[in-house]
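First comes the structure, then the notes that go with it.
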Amino acid sequence: MAKFILRRLFHAVIVVFVISLLIFFSIRLTGDPVAVMFAAGEPSQQAIDNLTAELGLDQPIWVQYGIFLRDLITFDLGTSFRTGQSVSSMVAATIGPTTLLAAAGMAVAILIAFPVGIVSAVKRGTVLDFGGRMFSLIGISFPNFWLGIMLILIFAVMLGWFPASGYGTPQHFVLPAITLGLILSGILSRLVRSSMLEVLNQQYIATAHSKGLRSWVVIFRHGLRNALIPTVTFMGVQFGGLLAGTVIIEQVFSWPGLGRMIIDAINARDYPVVQGGVIVLALITVAVNLLVDLSYSILNPRIKAGGSDS
Amino acid sequence: MSLQQTVPGTEDLKDSTGTEVPARQRLRAGGFWRFIRKNPSGVLGMILVGTVVICAVFAPWIAPYNPTEASLGERLADPIFADETGESRYLLGGDPLGRDLLSRIIYGARISLQVGIFGVLIAAVLGTILGLIAGYVGKWFDDFIMRAADVQLAFPFILFAIIIMSVLGGGIWVIVVLLGITYWVGFARIVRGQVVALKQLEYVEAAKASGSTGLRIVLRHIFPNVFSSVLVLATLFTAEFILLEASLTFLGLGVDPTIPSWGGMLSDSRNYIDSAWWTAVFPGVAIMLTVLGFNLLGDWLRDRLDPNIKA
Amino acid sequence: MSEKHTPLWRLLALGMAGTLALSACGNGDDGGNGSADGGEDIDEAEAEVDGRDNDLVIGVPLDVQDWDPIATFALAWSTQATSVFEGLVHRDLDLELQPGLAEDWEYHDDTTLEFQLREGVEFHNGEPFNADAVAYTFDRLLGEEGAQGPQQENYTAIEEVEVVDDYTVIFHLNTPDPVLLTNLSGYGGVIVPPEYMEEHGPEHFSENPVGTGPFEVTEYSRDNQTVLERNENYWDEDRIPELDTVTFRIIPEASTRLAELQTGGIDVMKEVEISQIGTVEDHDLLELDEVETPTVRALRFDVDREPVDDPRVREAINYAIDRNALIDDLRDGYGVPVASFQSELSFGFNPDLEPYPYDPDRARELIEEAGVEGEELDLYVPGDDGNAQEAVQAIAYFLEDVGLSVNIESAEQNTLNTELVPAGDAGHIHWFGWGGWTLDFHNTAWLLYSEGEFYNPSFADDQVQELLDAQRESVSEEEREEIFHELTEVLQELNPDAPLYADVYLYAINERVQNWQSPHDDRLQLEDVTVD
């Protein structure tokens, strides 16, 4: 077990290292932050050189990368070119809203997907099943920004039920969480359906039936528990994707989150914020996956050989 | 997870070269209507995808107007059915430059299919080859593929795409290549998993024992078996790529605005949603139905060919 | 023109009337109205604002990001910061220079400028404003700290700020600077509190700004919102704000911003898109306010590239574009055709110079003469600017009409302006928007036409350069105006660009807001604004 954990930790370090390389060098291809900062002025060469030196951009690129890595190890993500704030504090301020949005979206997805998936599985082959599957497929067929704008139009502008955008009160969560949740529920309800089907076909359900237990009781007691495992896995694996999936929703709903901050930073060539933000996203994803894998190997010793590794 | 179960699809496809798909047998034996009744979602998917393909291929003949010819006087002309003035000649209305929305949507099918199909082609070919090698050879190469998969999972595609497109500019081929070189990992993982399982099966062992070379075993015995999984995933990824193109265009990084792409139309129309709703609604519906079609088809194929892949 | 359209929600409302009848009832007194008009009533009912008394909420697309005046050049900064900070000079809403923190000033000679400071002014934290604060501000701006930001460059004419007594300072200049006074009215020229800055440092200041302005910042949450409160101790009793608080909400998506305005989430929307005008005009509780700006949109040529190195081709393109159609058809008439890269608001504007008329026949002749029929031109446009995208598509159509072929390329805005354009990699033609906030043609003309400047990779002309140098060395308004007029005429002959129109900014306002005046220069001044 200890060996397994060590091995996974080693993998996690490699992944974060590779991502640090990718983000560090790719963001430096996008252009010179000094030129962007001076975009409205008439800078002299002297001023450009000063600022370049001040931002540490005059050093050889490998030295810059070395400094970035060295600071990263001590969790120092540097200082934003654009705001003068430490990147850590900027990330800390935005990670909360993003995580809450992701969690709310996940909650909406679960609320929709479980009933739909279970009914689909139990009533397999009926019109209900077809309807449930169509629903889940339609859910993942919307462009998310379009769905968001449509929801704003209908539920904020036309009906006035919820605020159109912003962050703060529980009402502000409704529309963005539904946008995110509808899309997720499409994937999740299929998972629930298939894992329920697996259970329903198994011997012990038939046994339970034969013992005279009412079918819904059986379904809930056995089926639901079984459906939870792939759901947890899905949430684990998708968590990173989920955080990133909030990017566009944050843009549409003016959500003060991490994804929006990173996009703005890319456009402003604010290297430290882009690097820090992406690294933090990667760390979270890797950590969540690690936890999911670990809990898996504890729950189910048969796959301890290394989870996804073979 | 599928290790203990029978290898997906082997019953149906064991000796085949890919022509003997069960759907076809069913068609011959049971007749057209029965097939439809038995496979409503598959048929719906085929109809939707078929319509899009026909639009894309025959766009110049189907489209009533030239999709790129601006006519400023007809800016945001009403759709014929909602037109109170009786002046509009456009069935689904005009866009902000007075071009026929319907014609643009019909031509837009080309862009979406190009992005979806070529993106998937790159991803599938790359992923299948690397997955086959990883699964069959194993060792460090396998490790490499698995770490690449982890990296892909932890580096949000949208952010990576924004960075690269800031450097290289927009354009459909940039998007295609980006999607291809990012999403190959999905194919590689699935192919690799199946190869690992297949390797231990008797007939592969037998072929090994009889002295077949590695390459021959992979091509003759393993590849045909993973093909169905690749096909299913390819269909589902096509759907996803079409959506991703729209999202990137929404962020202002997509294709040239004169090219009628659905994502571009949607993105341009977002502020007209109140005053000229058709510019936002119809391209959105076009994307939705196309993506739905591919998803239905992929789902149906999965049920028929490969019940073990999960989303 | 939008009035003849059937709004989507009207169709939807009819379709959903059955299912949503209940909810619509709960929604106001119009629930029983099932006709098509019902939808409109729902709309209006929602724009009513509850929970706000003497408070104003403004929806803006971009955030301040860094409040430190030496660290920014963003227009979004001055939108909010004008209420918080003040310079020695105040530029009012009519763009006239008025006394600000200085009561009076006087040029002793071209390079010596004396200011008499206002007494009894306090910063928001209680620190006194005096000559030391002025000296500190400019020492900081012109020293090492200022060198790290983009503002120092605008003030390099200042050699030294001499403190004569507590309320008198003398600016010693190393060269005459015709736009110095304008520069002192904003950005790097606003006065910051020395003790506060020294005690807390610039990093703290950039999120917790303190100035002398009519409002003080009580809450700042990046990319979310800023809350300003009335400064009860403001030095000008006539201009103590009527409002208790002003909240700026950052809403980048224009469609979301409008939705917030329609639902009463905000009272004022900045940057209404042309495409949204119809919605605002149709709405009974909303008003549209337009204001001219110094920003000009133009096509610029890379004069090193064939075939636009041929002046005839550039002239032809100028004749080929129907500027009135661009403005009337695409922009609902919002925009002013211009003959040079400046609007009426700019010092140096030449009222006698007419924009090129739309003359496709003349354009065809010139193109034939140059022998370039059918040649393909690459036209670069920012991918995230919807208005520009629409305009260039129409322009491509105009150019194709006269025998050229156009290939539109989208690039990300900053990539285009700070990488491709300076390197001469932005095709034959690129879209460019510029508006000097000094409202003096010098800023624009120098950056775009002076040889070797950052934004000017290829254009060079001796006569233009002479004129540019001459106006820079003069502080005589008359002389400079004459030079600028000549310059615009020369430029129209040479056609380094095709100026299209001067932008009009659009604000949408809930009718509860009174005495609103939209600024020409993005600097909102909210002292007189009241709400019902």
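Here is how the numbers come out for the structure above:
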item: Histogram of C-alpha separations across segment C:239-387, 10 Å bin width, %; result: 9, 27, 29, 20, 11, 4, 1
item: Dipole magnitude of the protein assembly as shown, debye to nearest 20 (Cβ charges: Lys/Arg +1, Asp/Glu -1, about Cα centre); result: 13940 debye
item: For segment B:112-124, Karplus couplings with θ = phi - 60° (6.51, -1.76, 1.60), whole Hz, Gly/Pro x; result: 4, 5, 4, 4, x, 6, 5, x, 5, 4, 4, 4, 5
item: Mean projected area (nm²) of the alpha-carbon convex hull when segment B:74-163 is viewed from all directions; result: 8.9 nm²
item: Convex hull volume per residue for the protein assembly as shown, taking Cα atoms only, in Å³; result: 194 Å³
item: For segment C:504-509, 3J(HN,Hα) per residue [Karplus equation, 6.51 cos²θ - 1.76 cosθ + 1.60, θ = phi - 60°, Hz, x = Gly/Pro]; result: 10, 7, 10, 10, 10, 10
item: Amide proton proximity set for residue C:440, modelled H, under 5 Å, gap of 5+; result: C:347
item: Candidate aspartates and glutamates - alpha carbon under 19 Å from residue B:199, same-chain residues fewer than 8 apart omitted; result: A:309, B:11, B:12, B:15, B:142, B:143, B:306
item: Computed over segment C:86-192: relative contact order in percent, which uses C-alpha pairs under 8 Å that are six or more apart; result: 33 percent
item: Cα-based radius of gyration of segment B:46-305 once divided by 2.2 N^0.38 Å, which approximates compact folds; result: 1.22
item: CD proxy at 222 nm, helix term only [per DSSP H run n ≥ 4: -39500 (n - 2.57); per residue of the protein assembly as shown; nearest 500]; result: -16500 deg cm²/dmol
item: Buried on assembly, segment C:404-432 (at least 30 Å² less accessible surface than by itself, 1.4 Å probe); result: C:408, C:410, C:412, C:414, C:415, C:418, C:419
item: Relative contact order for chain C, counting Cα pairs under 8 Å that sit 6 or more residues apart, in percent; result: 19 percent
item: Charge context of residue A:259, other residues only, Cβ under 15 angstrom, K/R +1, D/E -1; result: -3
item: Other-chain or far-sequence residues with amide H under 5 Å of residue C:266's (modelled H); result: C:261
item: Among B:241, B:157, B:33 - extreme Cα towards positive end, dipole of chain B, charges at beta-carbon; result: B:33
item: Normalised contact order of chain B, rounded percent, pairs of Cα under 8 Å and 6 or more residues apart; result: 25 percent
item: Reciprocal mean inverse distance between Cα atoms of segment C:330-396 - Kirkwood radius, Å; result: 15.0 Å
item: Chain C - Kirkwood radius from inverse mean 1/r over Cα pairs (Å); result: 25.4 Å
item: Dipole of the protein assembly as shown [Lys/Arg +1, Asp/Glu -1 at C-beta], most positive-end residue of A:145, A:13, C:339; result: A:13
item: J(HN,Hα) series, segment C:161-177, from Karplus relation 6.51 cos²θ - 1.76 cosθ + 1.60, nearest Hz, glycine and proline x; result: 10, 9, 8, 8, 9, 4, 10, 9, 10, 10, 8, 9, 9, 8, 7, x, 9
item: Diffusion coefficient, µm² s⁻¹, Stokes-Einstein with Kirkwood Rh over alpha-carbon pairs of segment C:189-259 at 4 °C and 1.567 mPa s; result: 93 µm²/s
item: Shape category assigned to segment C:86-192 from the gyration tensor of Cα positions, a/c cut at 1.5; result: rounded
item: Reference-scaled alpha-carbon Rg (2.2 N^0.38 Å with N residues) for segment C:442-495; result: 1.06
item: Within 10 Å of each Cβ in C:142-149, the average number of Cβ atoms from other chains; result: 4
item: Largest to smallest principal axis extent of the C-alpha atoms in segment C:395-532, angstrom; result: 57, 44, 29
item: Per residue, in Å², the accessible surface of segment C:335-383 once ligands and nucleic acids are set aside, probe 1.4 Å; result: 46 Å²
item: Hull volume in cubic angstrom per residue (convex hull over the Cα atoms of segment C:142-184); result: 85 Å³
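The values are calculated or read from the model by the stated rules, or taken from the named source; none is laboratory data. Keep in mind the model is a prediction, meaning the values are calculated, not measured. Please note: Cβ atoms are built from the backbone with ideal geometry, for glycine as well, and neighbour counts cover all protein chains shown. Heavy atoms of the whole protein, side chains included, go into the accessibility calculation; ligands, DNA and RNA do not. Shrake-Rupley method; radii C 1.70, N 1.55, O 1.52, S 1.80 Å.
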